[in-house]
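Student: Got a structure for you, questions after.
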Amino acid sequence: MDFKPTNGEEIFACRQCGDCCKGFGGTYVTAQDIGRISAYIGFDRDRFPIRYCEKSGSRYVLACGKDGYCIFFDREKQCTIHPVKPYMCKAWPFIEAVIRHPENWNMMANSCPGMKKDVPEKTLKKIIGSEKEKLHPPEK
Ligand code: SF4
Ligand code: SF4
């Protein structure tokens, strides 16, 4: 039978493996992210980039610890800043790049065991569009 998912939960369920929290460079933070995370952990926002970030080109990304995981990752608790984690982490895997290039979905699924592969392109774009709106609802 054809696989015809209608919502995000049918094509993605995080397994809490932490693999996406490992490795340098993926987690860009905006000024708003820095403000929110600093407030959440009770740290001076002006010193936040020096203590918790590294530069990637002209932008900041969250730094990694010695174990290669994001500095806010904990093996037991997973993301220790979950309520205020950066947009990229909140949105994954429903990201804009997949709407533009749906073939990215299967490549991303190679390193994320929570993603189902081989979702029909049209369905994928529709689901990602609606999942994105949950993060950024249209203004009324
Ligand atoms: S790699 Fe995928 S399944 Fe594992 S923690 Fe990250 S989002 Fe969840
Ligand atoms: S902010 Fe949280 S979800 Fe994002 S990479 Fe770091 S530990 Fe993982």
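Student: Y40: more than 14 Å from the chain's Cα centre (by Cα), in a strand (DSSP E or B) and of a type outside the set (S, T, N, Q), yes or no?
Tutor: Judged against the criteria, Y40 is not a match.
Student: Further, regarding this structure: Just give me the residues in segment 100-124 being crowded, with 16+ Cβ neighbours inside 10 Å and away from ligand 1 (no atom under 16 Å from the Cβ), in sequence order.
Tutor: Hits for segment 100-124 are P102, T123, L124.
Student: Still on this structure, I have one more. If I ask for residues that are crowded, with 16+ Cβ neighbours inside 10 Å and among the aliphatic types (A, V, I, L, M), which ones from segment 70-98 would you list?
Tutor: Of everything in segment 70-98, those that are crowded, with 16+ Cβ neighbours inside 10 Å and among the aliphatic types (A, V, I, L, M) turn out to be I71, I81, V84, M88, A91, I95, V98.
Student: Scan K55, K85 and give me the residue that is basic (K, R) and closer than 16 Å to C21 by Cα.
Tutor: Sole residue among the options that is basic (K, R) and closer than 16 Å to C21 by Cα: K85.
Okay, residues lined up against (1) small (G, A, S); (2) assigned to a loop (DSSP other than H, G, I, E, B); (3) away from ligand 2 (no atom under 16 Å from the Cβ):
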residue	(1), (2), (3)
K66	no, yes, no
E76	no, yes, no
F94	no, yes, no
W105	no, no, yes
V119	no, yes, yes
K122	no, no, yes
G129	yes, no, yes
K132	no, no, yes
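Throughout, read-outs are computed from the coordinates displayed, never taken from laboratory work. It should be emphasised that the depicted structure is a prediction, and the values quoted were computed from it without experimental measurement. Every residue, glycine among them, receives a Cβ derived from its backbone with ideal geometry; neighbour counts consider all protein chains shown.
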